[in-house]
Amino acid sequence: MNAIFTMLLLRPYVFGFLIAFLFLASRLWGWRRTLLWLILGYAISWGSEALSIRTGFPYGWYFYKYENLTRDILVAGVPFWDSLSYTFLIFSGYTATQYAFPNLAFRWHALIGATATMLLDIMIDPVSNLGDRWFLGSIYYYPSGGAHFGVPISNYLGWFFVAWIVILAAAPTSSKIKNLNWFYPAFYLAIGIFNSAIALWIGAFNIVAANSAILAVCTLLFLRRGLK
């Protein structure tokens, strides 16, 4: 219990977004489907991370700094909260895609939803990689660096692949599009804005500029849908 309480204190933003996910998902799908997404999404995401830190697949090689994770709950070497965050990130990418492109078939929602999730990580990971400059802390590293603000492209490809698998495994093949109001794209944008605000706070202005371009394109897509 103390470990859980400590985790809540250390990562309140993760659990804030998780609560928002639970509200939005249960409203859209009901609690049974929401819990299925949560369990399957966590299991697949945890498995992908546990595999990657041991084999380099699917994200490429990265390693946790366990000396800086002594107060976090670890599951076979992977922080519990980290894999848990995949569930709401993938949900936000998937539902934002459904909002923007409501008439597409499920297979296209899955592919574009995975792409939207990857775009979220393109905004998130460069900021997380600078965790020593904010309250995340320096908790992992890429041994060979990377082409995108120190993050390897393989990481983003891995996010696309894992998000696609989670959507195929856990999402309903026919969704209630009529229930997708502006809360769902707003949730997606809120995650991107939060990470961009952290980048601004630590003075990573090049990351802010790159993130702002992504957010601007996504906002235009959402507004285009909302005006129809």
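Values in this text are rule-based calculations from the coordinates and carry no lab data. These numbers come from a predicted model, not from an experiment. Neighbour counts run over all protein chains shown; Cβ positions are idealised from the backbone, glycine included.
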Additional length obtainable on full extension of the chain from N103 to W201, 0.36 nm per residue less Cα span: 31.4 nm
Charge context of W201, other residues only, Cβ under 15 angstrom, K/R +1, D/E -1: 0
Separation in nanometres of the label points that stand 7 Å from Cα toward Cβ, at L220 and A76: 4.3
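As a footprinting exposure proxy, order I122, I73 by other Cβ within 10 Å, with the fewest listed first. Don't skip to the answer; put the middle values down first.
Details: I122 20, I73 14.
In order of increasing Cβ crowding within 10 Å: I73, I122.
Exposure proxy check: T6, T55, T115 ranked by fewest other beta carbons within 10 Å? If you can, show how the numbers build up before the last one.
On the way: T6 13, T55 9, T115 16.
So the ranking, lowest neighbour count to highest, is T55, T6, T115.
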Footprinting exposure proxy for H148, H109 (fewest neighbouring C-beta atoms within 10 Å first): H148, H109
For the chain, alpha-carbon Rg relative to the globular expectation (2.2 N^0.38 Å, N residues): 0.97
Per-residue ³J(HN,Hα) for the range 101-118, Karplus 6.51 cos²θ - 1.76 cosθ + 1.60, θ = phi - 60°, Hz, x for Gly and Pro: 10, x, 9, 7, 6, 4, 4, 7, 4, 5, 5, 6, x, 5, 5, 5, 5, 4
Amide N of the range 116-158 lying under 19 Å from the label point, which is placed 7 angstrom from the Cα of T6 along Cα→Cβ: 135-140
Estimated FRET transfer efficiency (S26, F63; beta-carbon r; R0 45 Å; 0.05): 0.80
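Quick check for me: using +1 on Lys/Arg Cβ and -1 on Asp/Glu Cβ, what's the dipole size of the chain about its Cα centre, in debye to the nearest 20?
Details: 14 positive and 7 negative charges, 178 e Å.
Here the chain has a charge dipole of around 860 debye.
Which value at 222 nm does the chain reach when only helices count, each DSSP H run of 4 or more adding -39,500 (n - 2.57), with the total divided by all residues and rounded to the nearest 500 deg cm²/dmol? Let's see the in-between values first.
Values: 8 runs with 155 residues, N = 228.
So the helix-based figure for the chain works out to -23500 deg cm²/dmol.
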